[in-house]
Amino acid sequence: MMSNTFSSTNLPVKATIYHGVEDKIQQDSVDLPRSLKPTEVLLKITHASVCGTDIHYIPSGIALGHEGVGIVEAVGDAVSTLKVGDRVGTSYLRNSCGHCKYCLTGREIWCYNRDTFGEQNFTTGAITDYLIGNETFLYKIPDSILSEHAAPLQCAGATVYVALASVLQPRQRVGILGIGGLGHLAIQFASKLGAEVVVFSTSPAKEKEAREFGASEFILLDKPETVSSPIDVLVVASSSTPDWKKFCRKDVLARGGTIIPLSAPAETYQFPGWQMFFDGYNLRASLVSSRAEHADMLAFAAQHEIKPVVETFELNDTGIAQAFGKLKSGTIRYRGVLIA
């Protein structure tokens, strides 16, 4: 619901945040500024999705959450593209300098002064009641996308979309390794982008669902050599890495093929150097998206009715404990969304 309680110079006094304390999540409060800067926007958060990255940052004690959807409740004097009552999303990338070579060429995710979750502003997180964001790093949600579906798209959706859209050629074969929070979205996006999708999974029970998401071929992870023909792109959407020797072979990954890991590695990658060199394989890093790509992703998801599979929880102490418990145990299907 739209509220007229607040203005750019009359904000709530405090925001409730959730952060890690000795490997547990605890509620706390932080003071909010008394007024908004010219380009700032006050959001009332209604939905927040939980992500594996949040688990990584629990020991650090920072405010958790980077996949949020909320309603604009107040805007700064210079804000021109958003108004009170708009429904918008907030993501992993929250600001950048705006004038470096990366920002000026639409690659602000690589800005040396970027504000991303876990790098700056440690008391700002999307698992909250109120959040102050920068106008140009907030994204209007298309009317056809429910907020509980929009929240996971703010990071998971942006991550898989830019990884795929940046490399895919028409009618290429794409391998998706893993059917989880990232993988089930990657299958949908790849299919709608026109790729032939091959899913690699450890679980035969997931074949039916993989095909419903858009896969045309399903291969067990320990037998990648049984693929009908080589794939051109391999997207690693699982938290664990495969046996690279089984995938870095020309009958599995075509010569000149691209490998895109979507999760930050917990260990050093060990690739077979001979195959990497003589088969021309490319390793590509992909970290969420630029603002333009993020907006494109939301429009594409709306047009093609791409939806994450979600489990919902209340945005309170109990709901947060339940959501993170299932996320840690690997039993969540496939994104947990907290609803205020």
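The values are calculated or read from the model by the stated rules, or taken from the named source; none is laboratory data. This is a predicted model, so every value here is computed, not measured. For neighbour counting, all protein chains shown are included, and Cβ atoms are generated from backbone atoms with ideal geometry for every residue, glycine included.
Some points to look at:
- If the condition is being modelled with pLDDT under 90 and loosely packed, with under 13 Cβ neighbours inside 10 Å, then segment 4-38 contributes 4, 5, 9, 10, 22, 23.
- Hits in segment 270-299 (condition: within 18 Å of the chain's Cα centre (by Cα), surrounded by 17 or more Cβ atoms within 10 Å (Cβ to Cβ) and not hydroxyl-bearing (Ser, Thr, Tyr)): 288, 291, 293, 294, 297, 298
- The criterion of at least 3 residues that are under 19 Å from residue 148 (Cβ atoms) is met, among helices (runs of 4 or more DSSP H) falling completely within segment 221-340, by 291-304, 317-329.
- Scanning segment 300-316 for residues that are without any contact (Cβ under 8 Å) to a residue 40 or more places away in the chain and buried (at least 19 other Cβ atoms within 10 Å of the Cβ) yields one hit, 313.
- Which listed residue, of 296, 222, is over 29 Å from residue 205 (Cα atoms) and either in contact with a Pro (Cβ under 7 Å, 6 or more places away or on another chain) or not assigned by the TED database to the domain that holds residue 109 (or both): 296
- Criterion applied to 195, 205 was being more than 24 Å from residue 245 (Cβ to Cβ) and free of Cβ contacts under 8 Å to residues at least 12 places away in the same chain, and the one residue passing it is 205.
- Only one entry in 127, 141 is β-branched (Val, Ile, Thr), closer than 17 Å to residue 295 by Cβ and at pLDDT 95 or above, namely 141.
- Of the residues examined, residue 212 is one that is free of Cβ contacts under 8 Å to residues at least 40 places away in the same chain, out of contact with any Asp or Glu (no Cβ under 7 Å at 6 or more places or on another chain) and surrounded by fewer than 22 Cβ atoms within 10 Å (Cβ to Cβ).
- Filter result for the condition that a residue is closer than 29 Å to residue 336 by Cα, under 21 Å from the mean Cα position of the chain (by Cα), in contact (Cβ under 8 Å) with a residue 40 or more places away in the chain and assigned by the TED database to the domain that holds residue 329, over 41, 30, 50, 21: 50
- The number of residues in segment 163-201 being assigned to a loop (DSSP other than H, G, I, E, B) and more than 25 Å from residue 223 (Cα to Cα) comes to 6.
- Selection within segment 109-136: residues that are buried (at least 21 other Cβ atoms within 10 Å of the Cβ) and under 16 Å from the mean Cα position of the chain (by Cα). The member of this set that is farthest from residue 339 (Cα to Cα) is 109.
- In the condition set (1) farther than 30 Å from residue 322 by Cβ; (2) surrounded by 14 or more Cβ atoms within 10 Å (Cβ to Cβ), residue 104 is compliant with all but (2).
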